[in-house]
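The values are calculated or read from the model by the stated rules, or taken from the named source; none is laboratory data. Just so it is clear, the model here is predicted, and its values are computed rather than measured. No Cβ is skipped: glycine too gets one built from the backbone with ideal geometry, and neighbour counts run over all protein chains shown. Accessible surface is based on the protein model in full, side chains and every heavy atom, while ligands, DNA and RNA are left aside. Shrake-Rupley method; radii C 1.70, N 1.55, O 1.52, S 1.80 Å.
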Amino acid sequence: MVTLPGNAKDRLTDLIARYRSRVDYLAVRLEAAEGTDILLRGNKIETLSEGVSIGGHVRACYQGGWGFASFNQLATLEERIEEAIAAARLVGDEETLLSPVDPVQDTCLLPLTGTDPRKIPLAQKKALCQHYGEILRSVSPQIATISVRYGDSAQQVILATSDGTLLEQSWVDMEMRFAATARNGETVQTGRETNGSRKAYEDLVGLDEQVRSAAQRAVDSLALPPVKGNTYTVVIDPILSGLFVHEAFGHLSEADMTYENPDLLETMSLGRRFGPAELQIFDGAAPAGHRGSYFYDDEGTPATTTQLIKDGVLVGRLHSRETAGKLGEAPTGNARCLNYHFPPIVRMTNTWIERGKTPVKDLFSDIREGVYARNWLGGMTNGEMFTFAAGEAWMIRNGEIAEPVRDVTLSGNAFKTLADIEAIGDDFFWDESGGCGKGGQSGLPVGCGGPSLRLRNVVVGGEAID
């Protein structure tokens, strides 16, 4: 297993002390990482690799200007510090505003509850992918293409700052993605499943039924009628609720999105009502055991739980030290980077809607004609607008789940949709399969969760009504 040099902390401490007087803030991150990437597409293994890397980055701030330098040769660290400081001093012409945090000195290992994937031979991981690929193909002759993706990564990070923080953190992350596309003439349908864990390799083993269900949904959907496009009352399951709160609302809660955009800052004014009194939305890395959980963020701020919406009213947002300083708020521990190639930016961790009080069966009552949507195929957001494709869907008729339909996309405005929540179910599910993208940093592990929701006035795309 690749590790950083034993004297790394002492060297960082010495360098920080030497250069701290030249800038307002200085941070150095060193990282040792190793991982596996396997991609099976069709009958062919397209990617089969194991890799290790050691590197780091330097961030310097002077009069509000930032300098950044990354490197993969530890011997060049001092030169990179010089470069970052020079860049910061070149662009800085304002006041450095960083919300204060108490310096910490700590060593944290995110514990595994089972087998470390680094102890599993590459051949065994390859065989697991091929096993799942055979399951996908075996469901039906109508399966045209399949893919299985396996990835694991382990990171050891040391962070030293001019504020006096000296941290070492280590963790392991794993993910698998499955997809099957079925075809009948010109009709094409896809089923997907994703599974992630920061606990044990065993969490990726024994997923046969989950994998088979992805292919079976694709095949079954071929014979289904497309939904008639219209505006409906919609019930969504907890997986779609988690996707919605992450994609459609969570990104708007990231303070770097707001302080640089006066219009959005006005829209996201604290104290503004966005939903019913029952609505509670949170984000936080403090809850243990999820893929977005950690002890400290990549600036050394302790993990927290931040309530974003309380009783339907916006009461919080997610911060780095800089965004908190510029908006006069407290840092929330949401500054994260994918790896040493990137600076930390404001990112979600685990984002969820708290469970409600309405029994799930009652969410369907009194709906004369509506749609019940479960799971997800994909989606996109553009500011406050969103479009999500459901993995499965049924019509709701006279308060009962009726015939299944396909090609269901849900579209709308995030703020209007929050206001259109009619009821919040008493169920809840954590989805650990998320990999978030922002600012060129894609695949950052996150968790999301929620209960089933009943939403009015949702635009559902499908076949046009005659």
State whether the residues of region 155-164 include one that is open to solvent by 40 Å² or more (accessible area, probe 1.4 Å) and not in a helix (DSSP H, G or I). yes
Scope region 62-96; condition out of contact with any Lys or Arg (no Cβ under 9 Å at 6 or more places or on another chain), in a helix (DSSP H, G or I) and of a type in the set (Val, Ile, Thr); matching residues: Thr76, Val91
If you go through region 128-141 one residue at a time, how many are open to solvent by 50 Å² or more (accessible area, probe 1.4 Å) and either under 18 Å from Glu193 (Cβ atoms) or assigned to a helix (DSSP H, G or I) (or both)? 5
Considering only residues of region 257-288 that are open to solvent by less than 40 Å² (accessible area, probe 1.4 Å) and at pLDDT below 95, which is nearest to Thr349 (Cα to Cα)? Thr258
Anything in region 268-322 that is among the charged types (D, E, K, R), out of contact with any helix residue (DSSP H, G or I) (no Cβ under 7 Å at 6 or more places or on another chain) and under 19 Å from Gln169 (Cα atoms)? List them, or say none. Arg291, Asp297, Asp298
Take region 317-358 and flag every residue that is over 13 Å from the mean Cα position of the chain (by Cα), of a type in the set (A, V, I, L, M) and surrounded by fewer than 24 Cβ atoms within 10 Å (Cβ to Cβ). Leu327, Ala330, Ile345
Could you please find all residues in region 218-242 being within 24 Å of Glu369 (Cα to Cα) and under 25 Å from the mean Cα position of the chain (by Cα)? Val234, Val235, Ile236, Asp237, Pro238, Ile239, Leu240, Ser241
Out of all the residues in region 443-454, is one or more of a type in the set (D, E, K, R), surrounded by fewer than 19 Cβ atoms within 10 Å (Cβ to Cβ) and touching a strand residue (DSSP E or B) at 6+ places or on another chain (Cβ under 7 Å)? no
Region 224-256, subset part of a strand (DSSP E or B) and among the polar types (S, T, N, Q), residue surrounded by the most Cβ atoms within 10 Å (Cβ to Cβ): Thr233
From the list Ala84, Ala69, which residue is in contact (Cβ under 8 Å) with a residue 24 or more places away in the chain and crowded, with 19+ Cβ neighbours inside 10 Å? Ala84
